[in-house]
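The values are calculated or read from the model by the stated rules, or taken from the named source; none is laboratory data. Model, not experiment: these values are computed from the prediction. Here the Cβ positions follow ideal geometry from the backbone for every residue, glycine too, while neighbour counts run over all protein chains shown. Accessible surface is based on the protein model in full, side chains and every heavy atom, while ligands, DNA and RNA are left aside. Shrake-Rupley method; radii C 1.70, N 1.55, O 1.52, S 1.80 Å.
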Amino acid sequence: MPATGDGRAPGAADLPGAHDGAPVGHARGRATTGPATAAPPIPHPRSRAAHASHPSHISDPAGPAAADGPADGAPLRLLVIEDDASDAQLIKAAVADSGTSIEIHWARGLDQATELLVPPAPWARRGRSRTPEFGCVLLDLASPADLPHPSDSSDGLEGLHELLRRAPHTPVVVLTDAAGAELGAAAVAAGAQDFLLKHETDGPLLARALRYAVERKRADESQRRLVEAELRGQENARLQRHLLPTPLLDGAGLSFTRRYRPGRRRALLGGDFYDAVRTDDGTVHVVIGDVCGHGPDEAALGVALRIAWRTLVFAGLTGETLLTTLQHVLEHERRSDEIFATLCMLVIEPGGAGSGLDSLGTGERARLYLAGHPAPLLLGRDHEPVTLPSDLAGPALGLLPCHDGQAAWPAHEVELRAGWRLLLYTDGLIEGRVGAGSRRLGQDGLADLVGDHQAAGLTRGRLVDSAIAEVEELNGGALTDDVAVLLLERNPVQLVLG
């Protein structure tokens, strides 16, 4: 779109000549002090002569005005909403007297100003050049509000209320006369950044008020975005916290301790997942898994797999049938064919021939299924931790297709003696470094470490926490991968969750 003829962006009326050095504004119907030669008045925009001599082009604003100030070296674009031509002249004179680079655009009322401040419809912007946004608005509270149905015409701020509604992100400075000082303070309380008294405002004061208004609005916007980010963070935290499972082990006579640490900063969920449920026949089902990757997509996939696993267990599926179905879920939910998940599943059958808690702990059997996952540690009370066999382990879920029999996950039978304890974990716990070299902790290193802490008399939550703390100390800092640790132990008295 062509410019208005003086190098300024189109979309606003030209301001008339001004009285150099004069204060801004005057009382209605009272003469103002200034040079002998006054600039010609601005014709009324509704007159044909006005359109012929001083056109008010109002078109193609680039978008909603922003609180950010002008770029380095660019003038501040000021939109003046003033219905009195003499006051408009004095504002221009004050700007010229301030020595500040300010580009003035004039609108006689809110309707005209809104066309400059509010972006046009997307279809209307096609093929048009982008007009710079206004850095600030100077509103004369004495100007008519141009509202056909004002919501409240008694407080004198209806024009400001409407301006803030139409351009909420633009800093606003209001002008009022001496008798309206209280009105100016009310305007600031209502959302304006500052107010000026007309007869006391000169060029430097006006420039300073505009500059401060831009900075205050920028600070307000930054604070608003910060508060919104904090609220979103709290909502995300609540959502993620609710997505973590609550084990359903009532009546199982087990102690269940779990620790979960995502590798992502400021996150509560990672790609690791776990769950434990007891079905009506007394069988306890436990799972722990790890989706490759560390982002939010992997976290969402981990939650989907965990929920699907619990649903399949309660539907009566187990063993390879369950894992095959879970792989189909993974294949449909993953965003890429390269995504896979490792998994360890335990199915613990009730021990003894009797019924009730007295028979639990006399000796039980478990079926262990491994899908590319590290085997659990068996922590006996009278011996060092032992890694359960992994020679029957199958591939990770999603690596090989199920339909042609390439993916198989046979069960390994495990005998659990009285007082047994099982430590299940994801590979984030054993892939940390040991010292400054490239050596990793590994499964054997974890077994030795847990054995030392167990010999020191640590149990349950203290045992798990101290083991994780030493792993991080050996790594030289926090672990970068997701970590999930479960300690499941026979407790014939009552269920304990830690």
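A few points about this structure:
- Residue match in region 350-364 (condition: charged (D, E, K, R), more than 24 Å from residue 480 (Cβ to Cβ), modelled with pLDDT of 95 or more and crowded, with 16+ Cβ neighbours inside 10 Å): no
- Residues in region 259-276 that are in contact with a Phe, Trp or Tyr (Cβ under 7 Å, 6 or more places away or on another chain) and either among the aliphatic types (A, V, I, L, M) or open to solvent by 60 Å² or more (accessible area, probe 1.4 Å) (or both): 276 only.
- Looking across region 330-343, just one residue is assigned to a helix (DSSP H, G or I) and either open to solvent by less than 10 Å² (accessible area, probe 1.4 Å) or of a type in the set (Ser, Thr, Tyr) (or both), and that is 330.
- Selection within region 440-453 - surrounded by 13 or more Cβ atoms within 10 Å (Cβ to Cβ), touching a residue at least 24 places away in the same chain (Cβ under 8 Å) and under 22 Å from residue 290 (Cα atoms): 441, 443, 446, 447, 450
- Scanning region 302-312 for residues that are under 28 Å from residue 263 (Cα atoms) and open to solvent by 10 Å² or more (accessible area, probe 1.4 Å) yields 303, 304, 306, 307, 308, 310, 311.
A quick yes/no check of all residues on (1) at pLDDT 95 or above; (2) more than 23 Å from residue 255 (Cα to Cα); (3) touching a helix residue (DSSP H, G or I) at 6+ places or on another chain (Cβ under 9 Å):
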{"position": "417", "(1), (2), (3)": "no, no, no"}
{"position": "420", "(1), (2), (3)": "no, no, no"}
{"position": "440", "(1), (2), (3)": "no, yes, no"}
{"position": "452", "(1), (2), (3)": "no, no, yes"}
{"position": "460", "(1), (2), (3)": "no, no, no"}
{"position": "466", "(1), (2), (3)": "yes, no, yes"}
{"position": "486", "(1), (2), (3)": "yes, no, yes"}
{"position": "491", "(1), (2), (3)": "no, no, no"}
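Every residue, every condition in (1) touching a Phe, Trp or Tyr at 6+ places or on another chain (Cβ under 7 Å); (2) surrounded by 18 or more Cβ atoms within 10 Å (Cβ to Cβ); (3) of a type in the set (S, T, N, Q), yes or no:
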position: 377; (1), (2), (3): no, yes, no
position: 384; (1), (2), (3): no, no, no
position: 397; (1), (2), (3): yes, yes, no
position: 410; (1), (2), (3): no, no, no
position: 415; (1), (2), (3): no, no, no
position: 418; (1), (2), (3): no, no, no
position: 423; (1), (2), (3): no, yes, no
position: 426; (1), (2), (3): no, yes, yes
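- Of all residues in region 428-439, those being in contact with a strand residue (DSSP E or B) (Cβ under 6 Å, 6 or more places away or on another chain) and loosely packed, with under 15 Cβ neighbours inside 10 Å number 0.
- Here residue 285 meets each of (1) surrounded by 18 or more Cβ atoms within 10 Å (Cβ to Cβ); (2) in a helix (DSSP H, G or I); (3) not β-branched (Val, Ile, Thr) with one exception, condition (2).
- Residue selected from region 290-300 under the condition open to solvent by 10 Å² or more (accessible area, probe 1.4 Å) and in contact with a helix residue (DSSP H, G or I) (Cβ under 9 Å, 6 or more places away or on another chain), by the criterion modelled with the highest pLDDT: 290
- Among residues of region 65-104, those that are under 14 Å from residue 214 (Cα atoms), open to solvent by 50 Å² or more (accessible area, probe 1.4 Å) and either of a type in the set (A, V, I, L, M, F, W, C) or modelled with pLDDT of 85 or more (or both), counted: 1
- Looking only at residues in region 459-488 that are open to solvent by 30 Å² or more (accessible area, probe 1.4 Å) and hydrophobic (A, V, I, L, M, F, W, C), the one that is farthest from residue 386 (Cα to Cα) is 478.
- Residues within region 313-329 that are within 16 Å of residue 281 (Cβ to Cβ) and open to solvent by 30 Å² or more (accessible area, probe 1.4 Å), tallied: 5
- Which numbered condition residue 153 fails, given (1) out of contact with any Leu (no Cβ under 7 Å at 6 or more places or on another chain); (2) modelled with pLDDT of 85 or more; (3) surrounded by fewer than 21 Cβ atoms within 10 Å (Cβ to Cβ); (4) under 23 Å from residue 181 (Cβ atoms): (2)
Yes or no, residue by residue, for (1) under 23 Å from residue 270 (Cβ atoms); (2) of a type in the set (Val, Ile, Thr); (3) in contact with a Ser or Thr (Cβ under 9 Å, 6 or more places away or on another chain):
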position: 305; (1), (2), (3): yes, no, no
position: 310; (1), (2), (3): yes, no, no
position: 317; (1), (2), (3): no, no, yes
position: 325; (1), (2), (3): no, yes, no
position: 341; (1), (2), (3): yes, no, no
